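Before any comments, here is the structure.
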Amino acid sequence: MTRSRRVTESRIEEYWDWIAVALFLLLAVDLLTTLAAARVVGRGAEGNPLMRWLLGRPTLVVVGAHLVVVVLVTGFFRLLVGRLRRTPPPADHYFALLIEAWLGVLVAVGLAVFANNLAVIVLGRSLL
């Protein structure tokens, strides 16, 4: 295995860690804080129309919808990683940077959503 391939494989292992963090923030943490916020201010205050609709359904449906998203995102990410493995140098480096930027945005959005939900719980209103 060439040095470039070893670096790519090392990066890919780290990317799986970061997608797990992003999914945890965007799905598990968001779900728990959204449910708590809905108890505090009511589900009508939810800004996301899809989530507002889901909040009117049984909790099992809400959790099931989140699990479907996990499966879809994980499948998409697996395809993305496969494409990175097939990308020849030096383009693989730039493709990897693009993936890193995307993961960074996902984590940042997850943290922002978490902060907003906490504001709703504590302050009774959104930061937006």
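The values are calculated or read from the model by the stated rules, or taken from the named source; none is laboratory data. A quick note: this is a predicted structure, and the numbers were derived from the prediction, not measured. Cβ placement follows ideal geometry from the backbone for every residue including glycine, while neighbour counts extend to all protein chains displayed. Protein only, heavy atoms only, side chains kept; ligands, DNA and RNA dropped before computing areas. Shrake-Rupley method; radii C 1.70, N 1.55, O 1.52, S 1.80 Å.
Could you check the range 11-30 and list, in sequence order, the residues that are open to solvent by 20 Å² or more (accessible area, probe 1.4 Å) and small (Gly, Ala, Ser)?
Passing the criteria: 20, 28.
If you take the residues in the range 1-35 that are among the hydroxyl-bearing types (Ser, Thr, Tyr) and touching a Leu at 6+ places or on another chain (Cβ under 9 Å), which one is modelled with the lowest pLDDT?
Filtering first and then ranking leaves 8.
On the basis of being under 21 Å from residue 108 (Cβ atoms) and open to solvent by less than 50 Å² (accessible area, probe 1.4 Å), does residue 8 make the cut?
Considered against the rule, which asks whether it is under 21 Å from residue 108 (Cβ atoms) and open to solvent by less than 50 Å² (accessible area, probe 1.4 Å), residue 8 comes out as no.
Residues in the range 31-41 that are free of Cβ contacts under 8 Å to residues at least 24 places away in the same chain and open to solvent by less than 30 Å² (accessible area, probe 1.4 Å): how many?
Of the residues in the range 31-41, 1 are free of Cβ contacts under 8 Å to residues at least 24 places away in the same chain and open to solvent by less than 30 Å² (accessible area, probe 1.4 Å).
Return the pair list, or none, for Cβ contacts closer than 6 Å from residues in the range 65-82 that are farther than 26 Å from residue 55 by Cα to residues that are open to solvent by less than 80 Å² (accessible area, probe 1.4 Å), at least 6 apart or on different chains.
From residues that are farther than 26 Å from residue 55 by Cα, the pairs are 77/19; 81/12.
Please go through the range 90-113 and pick out each residue that is open to solvent by 70 Å² or more (accessible area, probe 1.4 Å) and among the aromatic types (Phe, Trp, Tyr).
94, 102
Collect the residues in the range 42-55 that are within 20 Å of the chain's Cα centre (by Cα) and surrounded by 15 or more Cβ atoms within 10 Å (Cβ to Cβ), keeping them in residue-number order.
46, 51, 52, 54, 55
Identify, by number, the condition in (1) buried (at least 16 other Cβ atoms within 10 Å of the Cβ); (2) more than 30 Å from residue 125 (Cα to Cα) that residue 72 doesn't meet.
(1)
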